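Below is one structure; the comments refer to it alone.
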Amino acid sequence: MTFQVEDAQLICSVTLPNGANTTNSTGIDLESNPGGSFVADTEVVINAPALTTGQIGDTQTIIYSVRHSANADFSGDSELYGALITQTGAGGAGAAAAERRVRLPSNVQRYIRLRAVKTGASNASTANGSMK
């Protein structure tokens, strides 16, 4: 059964990179017991916006992943889900919007955030990806 209930306070966005760079969103605090297991039946939804050729040129990519950490400052963070969405510029048309849902595992750490890694010189910083 899927409830599809959203919490407006549990939404984060990441400004996409300018050039070949990496950007990270602010974190979401799952408020789970750091010494225990995360037991809520929960999904997060990752959204990648449609991008123009000025934002993502042909053959350039933006890869979205989810990171997690026991620390609010994300020191010692690690990849929870890698390459959830890969947008590739093609045919002089940029890249289409995309969405991906993933369920949080029982061993997820307390804080999660969205990461965007871009290749190529174009500037996608006028667009945002999101996780909720």
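The values are calculated or read from the model by the stated rules, or taken from the named source; none is laboratory data. This one's a predicted model, so the numbers in the text were calculated from it and none came from an experiment. These accessible areas exclude ligands, DNA and RNA; they are computed on the full protein's heavy atoms, side chains included. Shrake-Rupley method; radii C 1.70, N 1.55, O 1.52, S 1.80 Å.
Between Asp73 and Thr52, residue separation times 0.36 nm minus the direct Cα-Cα distance comes to 4.3 nm.
Using Cα pairs under 8 angstrom and six or more residues apart, how large is the relative contact order of the chain, in percent? Let's see the in-between values first.
On the way: 335 pairs, mean separation 57.9, N = 132.
Reported relative contact order: 44 percent.
Which of Asp29, Asp77, Asp41 ends up with the largest GNM mean-square fluctuation for the chain, with Cα atoms connected below 10 Å? Highest fluctuation among the options: Asp41. Rolling a 1.4 angstrom probe over the chain with all protein chains present gives an accessible area of which 47% lies on carbon and sulfur atoms. For a quick check: with amide H placed at 1.01 Å from N, whose amide H comes under 5 Å from Thr42's, ignoring anything fewer than 5 positions away on the same chain? Amide H neighbours of Thr42: Leu104.
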